[in-house]
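Contents: one structure, followed by commentary.
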Amino acid sequence: MSSAEPGPARAIGERAPLGSPSGEGESRHPSLGISLLVSELSVIYRRPRTWALLAALAAVPILIAVAVRLTDDGPQPGRGPPFLDSITNNGLFVGFTALVVCIPLFLPLTVGVVAGDTIAGEAGHGTLRYLLIVPAGRVRLLLVKYVGAAIFCLSATLTIVLAGTVIGFALFPLGDVTLLSGDTIGPGESTLRLLLVAGYVTVSLLGLSAVGLFISTLTDVPVGAMAATIVIAVASQVVGALPQLAWLHPWLLSNHWLGFGDLLRQPISWDSFGANALLQLGYIALFGALAYGRFTTKDVLS
Amino acid sequence: MVRSSLRWMPAVLVPLVIGTGVVVAGASPVVTLEEKTPEQVLALVAASDVRSFSGTIQQTSRLGLPEFPSTDSGSDSTTDSVASALELITGAHEARVFVDGPQRARVQITENLAERDVIRSGSEVWTYDSEAKEATHLTLPDKTAAHDSPAWTPGEIAARALAAVTPSTEVSLDPASRVAGRSTYELVLTPRTEDTLVGSVTIAVDSESGMPLAASVHARGESAPAFRVAFTAIDLAAPAARLFAFTPPAEATVKEESVPDAALPGTLDARDLRSAVPPFGVSGSDWSTVVELPSGSAPPELLASPLFASLATPVDGGKLLGSALLNVLVTDDGRVFAGAVPLNVLQDAAANR
Amino acid sequence: MTVAGTGLAIETRGLSKRFGHQDAVDDVDLTVPAGTVFGFLGPNGSGKTTTIRMLLGLASATRGEATVLGQELPGALSSVLPRIGALVEGPAFYPFLSGTANLMRLDSADRYASGSTRRSRVDAALDRVGLTHAAGKRVKAYSLGMKQRLGLASALLSPRELLVLDEPTNGLDPQGTREVRNLIRSFADDGATVFVSSHLLSEVEQMCTHAAIMSAGRLVAQGGLDELRRVGDAHVTVVTPDAERARRRLAAFGFVTDEPAEGSGRVRATVAVEAAAAPESIVAALVADGVRVRGFTVEQVTLEERFVALTGEGFDVVR
Ligand SMILES: Nc1ncnc2c1ncn2[C@@H]1O[C@H](COP(=O)(O)OP(=O)(O)O)[C@@H](O)[C@H]1O
Ligand SMILES: [Mg+2]
């Protein structure tokens, strides 16, 4: 149907020069979805809840740094979270310590909230049906939602690293960083390693995001999807702590979560990074496929 | 609807693909190598002149001992030390090894967010523990400084096993395999006696360099190795020189130690061992050797610890600490018999004394 | 394309949707001519929204087929949907975003919408529904009526050939209702087909040219409004002392007369509307027969009665 055709089928909206006429949709070049992604990100980051989550994450390094600063004799080696005792020598370690502290619970919590909200949140608001009749396209929407969640993962880890670095430099000296191998590296390389660790942690969260995305397609109640995603992250770590289930460990989502120590050795070891990336890729493929199957066949009744 | 069932196809295919990938990766690879006799492979090992490499070694044990969650619980130091000893011989451990000639080596025992290092450069030896932030410095006497390749590589273990090849052992070759991405000859040493827990020892020999890349010990009747040390990655190029130049970090506590000649790892031999421990007796030979310690040599607090009680099973004549490769019998009168032999051999040895 | 060929904007054949054991939509054959304002009438729970969901590809049909704008669903969804603007089951927006931001979001989801004209199209749509002043406010602070308008604006972001509006006047004040009615008329004047569902007959009567009536998941009647009015019964009441003669004369016209009320002097008779003769010829025939006609009334059948007759009376939701 062409809008140039006269008669009853002429499109509305032509009284005002409102964009290009419809009906020629197939002949025009559809956009790839960059604008949808930009809009998705603006929805995520214009949301007060997102900023509350990021603020909570930023509070962790600040709390650690202030606590260490206020104690007189400083932390002892081998007690408390790894790197804690290095903080007094080098502010950069606030970021490392905070990442270690956040990985088991805080990061999965925030990622669970965002990933669990992807589809279920739209369904809960009722906006899902409007996005679909625009049409955003179900596959495209799913992809954009996943990429949005992944970018949130990155911003979450960077928030911790950034807050840690800022507060670390404010309260502690900036010195050389001691690697796990006992070698020391200068501030330039330390910053690089810190960013690598942030990248590692982000990759670690990608599988969980895919799980959250899938769970999110199962329900119209975002809180349920968030809770289920977080429960899976915690359960994975509980199973990982049980030696009786050692055969299952290589398959666990959280198996390599603390493996970023490999990036703090001399020379750097990429083994964990590779293994972790492969594992997370497997989770992304599996749960991405499940989410695709579910979301493209689902009746949107919200 | 056909359409909607098609949409679930990826969800079916992905696990299939992953499963296939895992099975293919886990299957014993088909490697074709030039035919060799066991003797030729032994000669290849003997002629091996790999002096520099860097690699990752993985040690796995399935000794049939209970595993403990690696959280420190309680304050009983005996239990702690026993538990940490158990931890070392159970489960999996990984180390990165850098070797540059006989004089320079670095071993990193890697754990999650922790590492223990031993760095040797000539007569200088450093150890470093990242958790305790402790460094130890030793200077080796010249005599030991000349000592050759370190003891913890598959090469050393394989060399010892090969040295033990006697009429009591049958040497054969398994089909060629692949270790750390390199094709290997699989040398199999099988005890001819029934009086041992060892089913076989397999040594994977790099087909190009002759360097042993893996050694595994199978318990009798078990298909999975009870103990295995293997490279998971290896690079035969010389490691960067700066790896061997260790300066302890500023915040670490540094201990200076001088060590008597005999107590160095890698220099221990049977004579040192004899002088270091209480006098012990030996019975049997080769695979069925039984070592006997006299009454009182086992620390009484160890024998009294609840951990020992939970590990040991009462048997005729004492208590047995059993595992897949090693049995230890603590007799009621306090003597200790140990060996890679079945319980009845230990009991016979105890009865004959 | 085939809209011109068949002249139909929407056509369904045996469209059905089952939820568990309940047939929410049961064997619906809907025919919506292009260029009409089509009222989709039915009490709450009769399956209107469910039908609309199927037409928009939100839900899959359990059985049956649907052709929208000449293209078969669900295969052609991606090319049909850009030509449709819709409001389904009330408006829905991100409460933490402003009205403008919400529309921008929806428009950027449209892969055929140009980014450079986005802002001006959003402003034009807001202007058209009279929301320009509240455009910067968060939707959280909108009243239901304002949200309803914003929903309409979202359906107008791009030029559309078909507007599917599910109960668009829900929650609006009488003033807003009137405005929406005018808006719908203006869409129609632009040449679009408007498919508007409602549970209020009066609304459909005021703005639609065609209608279909749903009851408990089934389509019970459809056609032009006049057509629908014509289907059914017409009643005449004659006030006369000559009741017996009048009854005979009316029977000759095809009327069925009610049981005579004792001494009332009234004769009430009913006939199918399409068979009804013109009132003046009935009166002329009665007078010619010597019936002393003292009063004569024709009861115009309202669609209301038809609606109630078809869908049942009472406040209760049917299911
Ligand atoms: N998601 C659902 N699950 C089960 N039943 C539903 C669902 N949505 C609607 N129904 C049922 O389908 C019938 C039709 O609903 P609906 O189409 O919303 O009616 P209307 O829009 O005409 O008020 C109702 O009886 C309702 O209970
Ligand atoms: Mg409805």
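The values are calculated or read from the model by the stated rules, or taken from the named source; none is laboratory data. Keep in mind that this is a model prediction, so the values were computed, not measured. Counting neighbours? That spans all protein chains shown, and the Cβs are built from the backbone with ideal geometry, glycine included. Areas reflect the complete protein model, heavy atoms only, side chains present, ligands, DNA and RNA absent. Shrake-Rupley method; radii C 1.70, N 1.55, O 1.52, S 1.80 Å.
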Task: Residues in the range C:226-257 reached by a label modelled at C:T209 [backbone nitrogen below 14 Å; 7 Å Cα→Cβ] - done: C:226-227
Task: FRET efficiency, A:L174 to C:S116 (Cβ-Cβ, R0 45 Å, nearest 0.05) - done: 0.45
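Mind checking the per residue accessible area of chain C for me, 1.4 Å probe, whole number of Å²?
On the way: 13060 Å² over 319 residues.
So chain C comes to 41 Å² accessible per residue, rounded to a whole number.
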Open item on the list: Once you order the gyration tensor axes a ≥ b ≥ c over the Cα atoms, which shape class does the range A:229-284 get: rounded for a/c under 1.5, otherwise prolate or oblate by comparing a/b with b/c?
Closed with: prolate
Task: List of the range A:135-183 residues, accessible area with partners at least 20 Å² below that of the chain alone (1.4 Å probe) - done: A:P135, A:R138, A:R140, A:T178, A:L180, A:S181, A:G182, A:D183
Task: Chains B and A, summed buried accessible surface - 1.4 Å probe, Å², nearest 100 - done: 2700
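If you wrap the range A:122-212's Cα atoms in a convex hull and average its projection over all directions, what's the area in nm²? Before the final figure, lay out the partial values.
On the way: hull surface 34.0 nm².
So the Cα hull casts an average projection of 8.5 nm².
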Open item on the list: Are there any residues in the range C:5-37 with a reduction of at least 30 Å² in accessible surface when going from the isolated chain to the assembly of protein chains? Probe 1.4 Å, please list them by number.
Closed with: C:F19
Task: Chain-alone versus full-assembly comparison, the range C:145-168, residues with accessible loss of at least 50 Å² (1.4 Å probe) - done: C:P159, C:E161
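Give me the net charge for the shell around A:S216: Cβ to Cβ below 12 angstrom, other residues only, Lys and Arg +1, Asp and Glu -1.
Values: positive: A:K145, A:R294, A:K298; negative: A:D117, A:E122, A:D220.
Result for the neighbourhood of A:S216: 0.
Given a Förster distance of 41 angstrom, what is the FRET efficiency for B:V31 paired with B:S310, based on the Cβ-Cβ distance and rounded to 0.05? If you can, show how the numbers build up before the last one.
Numbers: r = 44 Å, r/R0 = 1.08.
Efficiency, from the Cβ-Cβ distance: 0.40.
Quick one: pull the percent of accessible area on the range B:92-145 belonging to carbon and sulfur, 1.4 Å probe, ligands and nucleic acids left out. Let's see the in-between values first.
Details: 1000 of 2010 Å².
Roughly 49 percent, rounded to a whole number.
Tally up the carbon and sulfur contribution to the accessible surface of chain A as a whole percent, 1.4 Å probe, everything protein left in place.
On the way: 8280 of 11520 Å².
Carbon with sulfur: 72 percent of the solvent-accessible area.
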Task: Inverse mean reciprocal Cα-Cα distance (Kirkwood Rh) of the range A:160-284, Å - done: 16.5
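Sequence gap at least 6, Cα distance under 8 Å: using those rules, report the relative contact order of the range C:8-229 to the nearest whole percent. Working shown, then result.
Numbers: 449 pairs, mean separation 67.9, N = 222.
Computed value for the range C:8-229: 31 percent relative contact order.
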Open item on the list: For the interface of A with C, what's the total buried accessible surface in square angstrom, probe 1.4 angstrom, rounded to the nearest hundred?
Closed with: 4700
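On the accessible surface of the range B:278-351, probed at 1.4 Å, how many percent belong to carbon and sulfur atoms? If you can, show how the numbers build up before the last one.
Numbers: 2160 of 3440 Å².
Answer for the range B:278-351 is 63 percent, counting heavy atoms of protein chains only.
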Task: Value of Rg to Rh for the protein assembly as shown (Rh from inverse mean 1/r over Cα pairs, i.e. Kirkwood) - done: 1.19
Open item on the list: Using a 7 Å offset from the Cα along the Cα-to-Cβ direction at both C:S79 and B:T20, what is the distance between the two label points in nm, to one decimal?
Closed with: 3.4
Task: Folded to 0 to 90 degrees: helix A:271-297 orientation relative to chain A principal axis, Cα - done: 30
Task: chain A - accessible surface per residue (Å², probe 1.4 Å) - done: 38
TODO: Mind pulling the angle between the C-alpha long axis of helix A:34-45 and the longest principal axis of chain A? Nearest 10 degrees, somewhere in 0 to 90.
DONE: 50
Open item on the list: I need the phi-derived Karplus couplings for the range B:315-324: 6.51 cos²θ - 1.76 cosθ + 1.60, θ = phi - 60°, integer Hz, Gly and Pro marked x.
Closed with: 9, 4, x, x, 10, 10, 9, x, 9, 5
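Between B:V282 and B:E39, how high is the FRET efficiency from 1/(1 + (r/R0)^6) when r is the Cβ-Cβ distance and R₀ = 25 Å? Nearest 0.05. All intermediate terms of the calculation are to be shown ahead of the outcome.
Values: r = 30 Å, r/R0 = 1.20.
Computed FRET efficiency for B:V282 and B:E39: 0.25.
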Open item on the list: For a quick check of understanding: with a 1.4 angstrom probe and all protein chains in place, what accessible area in square angstrom does A:W257 have, to the nearest ten?
Closed with: 10
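Net charge around B:Y185, counting only other residues with Cβ within less than 14 Å of its Cβ (Lys, Arg = +1; Asp, Glu = -1)?
Details: positive: B:K36, B:R178, B:R182; negative: B:E34, B:E35, B:E39, B:D174, B:E186, B:D206, B:E208.
Around B:Y185, the surrounding residues sum to -4.
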TODO: Using Cα positions and a limit of under 23 Å, work out the lysines in reach of C:K137, with same-chain residues fewer than 8 apart set aside.
DONE: C:K147
TODO: Run the numbers on chain A and let me know its relative contact order in percent, using alpha-carbon pairs under 8 Å that are six or more apart.
DONE: 22
